[in-house]
Amino acid sequence: MTVTAQPAVGEEALPGATGPTPRRRTGRVRRIALPYLLLLPALLLELLVHLVPMVIGIVMSFKELTQFYIRDWGAAPWAGFDNYSLSVDFDAPVGEALLHSFFVTCAFTVLSVGLCWLLGTTAAVYMQETFRGRGFLRAIFLIPYALPVYAAVITWAFMFQRDNGLVNHVLHDQLGLTDSPSFWLIGDNSFVALLVVSVWKGWPFAFLIVMAGLQNIPKELYEAAAIDGAGMVQQIRRITLPSLRPVNQVLVLVLFLWTFNDFNTPYVLFGKAAPEAADLISIHIYQSSFVTWNFGTGSAMSVLLLLFLLVVTGVYLALTSRGRRAADV
């Protein structure tokens, strides 16, 4: 048995010694701790900006917090699960309105995410071809994503005006497609107006992500497919879409979360009171909290929304992971 002598305290290690020196141990500790120290400011900001308000919102959901306790909301009496029971009682007016808002939000999210992905993918595929003016078109396509949300939505609000808006001017005055100027910001047409604005400002993000994913597909695959007689549709079906599957999985999830939680677009487009046809759940929770001054019920609705999004995200990630493992096998 070979015994290796350890250096005494304060002595340098011998060249043949195998044990780490204190100086080496200090350097290793520094290397391990440095990433965590660099992440510490971001973690503290995340804690202050997101986690602390989230915890406060959860606590508020268990209180009978109305306008009478705004000055000292800590003195509001505990309501237990009454706010949650009120929110999910779909036979009562509050629960019925929340359920209607949930269905409207689901339909809006499915249509918006689907159209954003379809337009973004189509534009990204066609932009892969080399032609004059391609760079200019790419820059034009990204303008809606680069514009501030409030400026863009306010512009659309002016365009949707009934009497002097550009939309009615084109559809009614120029093309004659309608018998009379339409109301776009009230009634059933408000859902269409909201969907148009959401798709207009969201599809450039899908275009940007898909275009970046297309750069990783080798051109040799398309050349080999063309030699074998595959047309453009077959190349997209057999090469492009399967290669973009990991990108599309992340893209669809991000678009879903952004669209389902979208508050700025309906608030700027319709104001505090959105029409019934465009009553998204985000603006509905805002009305329940800051219009009716029932912050306890509004907080309970927010917690229910958070739980729903967590469940959907978990199921989506589980299904996509299972599909990825099956494809690898």
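The values are calculated or read from the model by the stated rules, or taken from the named source; none is laboratory data. Here the structure is a predicted model, which is why all the values come from computation and not from measurement. No Cβ is skipped: glycine too gets one built from the backbone with ideal geometry, and neighbour counts run over all protein chains shown. In case anyone asks, the SASA skips ligands and DNA or RNA and just uses the protein heavy atoms, side chains included. Shrake-Rupley method; radii C 1.70, N 1.55, O 1.52, S 1.80 Å.
Could we say that GLU96 is in a loop (DSSP other than H, G, I, E, B) and surrounded by fewer than 19 Cβ atoms within 10 Å (Cβ to Cβ) here? Here the answer is no, as GLU96 does not meet what is asked.
The set of residues in region 123-149 that are in a loop (DSSP other than H, G, I, E, B), in contact (Cβ under 8 Å) with a residue 12 or more places away in the chain and over 22 Å from TYR222 (Cα atoms) comprises LEU142, LEU147.
Just so you know, in region 267-278 the residues that are touching a residue at least 40 places away in the same chain (Cβ under 8 Å) and in contact with a Phe, Trp or Tyr (Cβ under 9 Å, 6 or more places away or on another chain) include one that is farthest from VAL153 (Cα to Cα), and it is ALA277. Would you mind stating whether LEU194 is in contact (Cβ under 8 Å) with a residue 60 or more places away in the chain, open to solvent by less than 20 Å² (accessible area, probe 1.4 Å) and under 29 Å from ALA124 (Cα atoms)? Yes: the conditions hold for LEU194. Scanning region 24-63 for residues that are over 25 Å from the mean Cα position of the chain (by Cα) and open to solvent by 90 Å² or more (accessible area, probe 1.4 Å) yields ARG24, ARG25, ARG28, VAL29, ARG30, ARG31, ILE32, LEU34, TYR36, LEU37, LEU38.
Taking only region 155-179 into account, find how many residues are more than 30 Å from ALA212 (Cβ to Cβ) and either open to solvent by less than 60 Å² (accessible area, probe 1.4 Å) or of a type in the set (A, V, I, L, M) (or both).
14
Restricting GLY114, GLY120 to those that are assigned to a helix (DSSP H, G or I), closer than 20 Å to ILE281 by Cα, open to solvent by less than 60 Å² (accessible area, probe 1.4 Å) and modelled with pLDDT of 90 or more reduces the list to GLY114. Reported count of residues in region 229-278, each being at pLDDT 95 or above and basic (Lys, Arg), is 0.
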